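Participant: To start, I am sharing the structure in question, which I have written as structure tokens.
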Amino acid sequence: MQQGLFSQRLVGLSIRYDRQIVLEHKLMESQTRQTLTIVGGGTAGWLTASLFAKVMGKQLNIILVESDNIASVGVGEATIPPILPFNGALGIDENTFIQATKATIKLGIQFEGWSKTKPSYMHAFGNIGKDFPFCDFYHHWLAAKALGNKHDFWDFSLNYQAAKQHKFAKLQNIPNTRLKGLSYAYHFDAHLYAQFLSQHAQSMGVTRIEGTVDSVGIAAETGFVEQLTLTDGQQVSGDVFVDCTGMHALLIEKTLNCGFEDWSHWLPCDRAMAVQSAHESENIEPFTRSTVHRAGWQWRIPLQHRVGNGIVYSSKHMSDECAKATLLENVSGEVLGSPKVIRFRTGKRLTPWHKNVVAIGLSSGFLEPLESTSIHLIQTAAVRLLKLFPQGSINQSSVEQFNRETGQELEQIRDFIILHYKLNDRADSDFWRLCSGMAIPERLKHRIALFKESGVLPHQADALFAVMAWQQVMIGQGLIPEQQHPLIDSLSAQQRNELLVNLKTLIDATVASLPTHDVFLASLQKE
């Protein structure tokens, strides 16, 4: 009896001893690994944490510091199609994600009032028409139009036709053809998305520390950030720090003084307000609306449980009181809450990676949400940092490459947004006259001239917005090429008209067979 009891105690001691060895081994292993410290939560912080946990969770200690007392800007409720593969790479189940974030489908952005030539048009995702080698489809559409064909350019956009009829289904290809199906993104509640990512990241081992940063410790010899001291006295160290503190830019600007390149002379809007409203109709539109007012534009983003509304404006041309009144006058449904002013400055951080601090999200720069690029820029910055992440010491060539790629990406998107303002023909207010008459970057100036004179748009392999997107904005805002490509002569006028009729018939039949957007969303609740 005593011998058996002694044996049990010995086994117990052995187990506890083995556990202690394992714990000590894990502690030693953890101490030898680099630590990635993310300052700030929200979408930027938790998205970055999720990516690194998924890919480098076994090589890094990942810590995220956020304060419950600091609210994020939280207006990034619309996205673009690259979010789908990114979510997939994080291991996020789409149905779970849609239900958790109250998401809806987005097939494009409808622009209303941006040109008198065409009262409304859509930047629809996906293809338009049929691919032709060396000569884009819209050249054939233009040739037919010149001969009296009445078809609209968007008659040949599956996304547009589905969006306007409030239809959606996951469709990779048009049935029995090689033509691409529906390309889509999401609208969602930004706060719920951040919470969803927070839970996802922590389930993969990310350590969350709640607190507000009181001071930042800098190494005297290197100028690197060494540690953060929180208001409760807790100290948090790290090897690489990611600044996700939004426009506050605590590390990259307040601490390291990296400087900022201002783009407000091209993008003069500097304020926004956001407010939610109740659904007025049961039919949820699968697209974003962007509607012009006299000093900027207003968005409408439908979610499952509410509608997100906002106004973007220039404070030099519209007061806050007038902006608030304009916003509320154009909100459909019961207003939920009160609009609050968000001040911003368009531009980019001069060196988003400096020393051992990398700025991701609004701390690295700001582009207004006209084309829903905010969350995408967080994704690409996080991926870029992942690809260039240092093994031990930070090398300057990687820092320079990160900064170069970040700058190029922001400039390409900046030019696409400027395009909308430059091509307006409103002339009914000082703001819009300023925009149409302003000098623009040389690269954009050349692109507009090239399209106007020849109908050609240069393809950039690494650009976010493909030629199809540029075509829609240019044609939608009245810029029609003076010439078509000579390869249009490969089809006779009759063949071309038959092509257009057949394409439209195929698209109309495909859209007619799709379920409504509401039916699609309801089907997810049953799974």
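Participant: Residues S436, S429, S372: which one is at pLDDT 95 or above and either in contact with a strand residue (DSSP E or B) (Cβ under 8 Å, 6 or more places away or on another chain) or on the phi > 0 side of the Ramachandran plot (or both)?
Facilitator: Step by step, each of S436, S429, S372 is checked, and only S372 is at pLDDT 95 or above and either in contact with a strand residue (DSSP E or B) (Cβ under 8 Å, 6 or more places away or on another chain) or on the phi > 0 side of the Ramachandran plot (or both).
Participant: Moving on. Is it fair to say I375 is part of a helix (DSSP H, G or I) and surrounded by 23 or more Cβ atoms within 10 Å (Cβ to Cβ)?
Facilitator: yes
Participant: Here is a list: A427, A381. Which entry is in a loop (DSSP other than H, G, I, E, B), of a type in the set (G, A, S) and in contact with a helix residue (DSSP H, G or I) (Cβ under 9 Å, 6 or more places away or on another chain)?
Facilitator: A427
Participant: Additional query: Return a yes/no flag: does segment 412-422 have any residue that is of a type in the set (A, V, I, L, M), surrounded by fewer than 18 Cβ atoms within 10 Å (Cβ to Cβ) and part of a helix (DSSP H, G or I).
Facilitator: No: zero hits.
Participant: Here is a check on your reading of the model: is F168 within 16 Å of H187 (Cα to Cα) and buried (at least 20 other Cβ atoms within 10 Å of the Cβ)?
Facilitator: It is true that F168 is within 16 Å of H187 (Cα to Cα) and buried (at least 20 other Cβ atoms within 10 Å of the Cβ).
Participant: Now a separate question. Restricting attention to segment 287-332, which residues are polar (S, T, N, Q) and in contact (Cβ under 8 Å) with a residue 60 or more places away in the chain?
Facilitator: Residues satisfying the conditions are T288, S290, T291, Q304, S314.
Participant: Ok, one more. Scan segment 119-135 for residues that are in contact (Cβ under 8 Å) with a residue 40 or more places away in the chain and in contact with a strand residue (DSSP E or B) (Cβ under 9 Å, 6 or more places away or on another chain) and jot them down.
Facilitator: Selection gives Y121, M122, H123, A124, F125, G126, N127, I128, G129.
Participant: In the same structural domain as M204 (by TED's automatic domain parsing), of a type in the set (V, I, T) and either at pLDDT 95 or above or surrounded by fewer than 20 Cβ atoms within 10 Å (Cβ to Cβ) (or both): does that describe I83?
Facilitator: Taking the combined requirement at face value, the residue satisfies it.
Participant: Given the condition within 29 Å of the chain's Cα centre (by Cα), part of a loop (DSSP other than H, G, I, E, B), among the polar types (S, T, N, Q) and modelled with pLDDT under 95, answer yes or no: does some residue in segment 469-484 qualify?
Facilitator: no
Participant: Right, something else. Scan G205, G223, G246 and give me the residue that is of a type in the set (G, A, S), farther than 13 Å from V39 by Cβ, touching a helix residue (DSSP H, G or I) at 6+ places or on another chain (Cβ under 7 Å) and in contact (Cβ under 8 Å) with a residue 60 or more places away in the chain.
Facilitator: Unique residue meeting the criteria: G205.
Participant: Would you point out which residue out of V456, V501 is surrounded by fewer than 18 Cβ atoms within 10 Å (Cβ to Cβ) and assigned to a helix (DSSP H, G or I)?
Facilitator: V501
Participant: Return a yes/no flag: does segment 180-203 have any residue that is of a type in the set (G, A, S), out of contact with any strand residue (DSSP E or B) (no Cβ under 7 Å at 6 or more places or on another chain) and part of a loop (DSSP other than H, G, I, E, B).
Facilitator: Scanning segment 180-203 turns up at least one residue that is of a type in the set (G, A, S), out of contact with any strand residue (DSSP E or B) (no Cβ under 7 Å at 6 or more places or on another chain) and part of a loop (DSSP other than H, G, I, E, B).
The values are calculated or read from the model by the stated rules, or taken from the named source; none is laboratory data. Model, not experiment: these values are computed from the prediction. Here the Cβ is made from the backbone with ideal geometry for all residues, glycine too, and neighbour counts use every protein chain on show.
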